[in-house]
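First, the structure itself, so that you have it in front of you.
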Ligand SMILES: [Zn+2]
């Protein structure tokens with residue numbers, strides 16, 4: 001923290017502090033390098049989107065794959081015990097997980113309904129189907145609660161790249177602040 005940063009590092013580190021020292025607003029050209037460079041989470045972590053989604057589906061931290069995210073079925077840690085990702089990235093974050101849960105449970109109900117009707121097609125649809133669907137509707141959201149939360153967090157970090165310092169830097173392969181941007185072309 002106290003080591004003297006080089007010019008290159010200074011330009012990348014703590015842009016807010018740099019700006020606060022200025023009395024005059026920076027020229028647009030000067031300001032440009034300090035604008036947050038949005039690098040996709042997949043590139044930051046060096047992990048593909050499928051893997052991030054899979055981690056979420058098995059209720060592990062989508063960013064690092066670490067477990068012990070849930071203390072109990074409905075009680076989860078605020079931060080990942082491994083990579084320190086704060087799961088509730090914005091207020092109302094968990095509304096999305098509710099949506100994901102609903103979509104998945106309805107999807108399962110539809111698949112069960114459709115396949116059972118198809119299999120038993122010429123005959124009447126079995127009576128137990130109603131009870132099976134009712135059971136899925138009642139217990140599905142409960143069973144899918146932990147995965148839905150982590151799945152939504154996975155979707156969220158895929159849609160909105162991780163910010164500076166959002167997770168332990170050891171899990172970050174490419175950091176837009178730590179590393180210089182790769183010039184394209
Ligand atoms: Zn993690």
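Looking only at the range 89-123, which residues are within 13 Å of the chain's Cα centre (by Cα) and loosely packed, with under 14 Cβ neighbours inside 10 Å?
The one that is within 13 Å of the chain's Cα centre (by Cα) and loosely packed, with under 14 Cβ neighbours inside 10 Å: 90.
Also, I was wondering about something else. Yes or no: residue 156 away from the ligand (no atom under 16 Å from the Cβ), closer than 23 Å to residue 44 by Cβ and surrounded by 11 or more Cβ atoms within 10 Å (Cβ to Cβ)?
Values: away from the ligand (no atom under 16 Å from the Cβ): no; closer than 23 Å to residue 44 by Cβ: yes; surrounded by 11 or more Cβ atoms within 10 Å (Cβ to Cβ): yes.
Taking the combined requirement at face value, the residue does not satisfy it.
Right, another one. Kindly list the number of the only condition in (1) loosely packed, with under 14 Cβ neighbours inside 10 Å; (2) free of Cβ contacts under 8 Å to residues at least 24 places away in the same chain; (3) away from the ligand (no atom under 13 Å from the Cβ) that fails for residue 74.
All conditions are met except number (2).
Could you list, in sequence order, the residues of the range 57-71 that are on the phi < 0 side of the Ramachandran plot and either in contact (Cβ under 8 Å) with a residue 40 or more places away in the chain or within 10 Å of the ligand (Cβ to nearest atom) (or both)? Full working, then the answer.
Start the filter on the range 57-71 by keeping residues that are on the phi < 0 side of the Ramachandran plot, which leaves 57-58, 60-64, 66-67, 69-71.
57, 58, 60, 61, 62, 63, 64, 66, 67, 69, 70 - these are the residues of the range 57-71 that are on the phi < 0 side of the Ramachandran plot and either in contact (Cβ under 8 Å) with a residue 40 or more places away in the chain or within 10 Å of the ligand (Cβ to nearest atom) (or both).
Looking at 97, 115, which one is in contact with a helix residue (DSSP H, G or I) (Cβ under 9 Å, 6 or more places away or on another chain) and at pLDDT 90 or above?
After applying the criteria, what remains is 97.
Now for a separate question. Do you know which residues across the range 77-98 are in contact (Cβ under 8 Å) with a residue 40 or more places away in the chain and within 11 Å of the ligand (Cβ to nearest atom)?
In the first step, residues of the range 77-98 are kept if they are in contact (Cβ under 8 Å) with a residue 40 or more places away in the chain; the result is 80, 82-87, 89, 93-94, 96-98.
Matches in the range 77-98: 80, 82, 83, 84, 85, 86, 87.
The values are calculated or read from the model by the stated rules, or taken from the named source; none is laboratory data. Since we're looking at a predicted model, the values are computed, not measured. Reconstructed Cβ throughout: ideal geometry from the backbone, glycine too, with neighbour counts over all protein chains shown.
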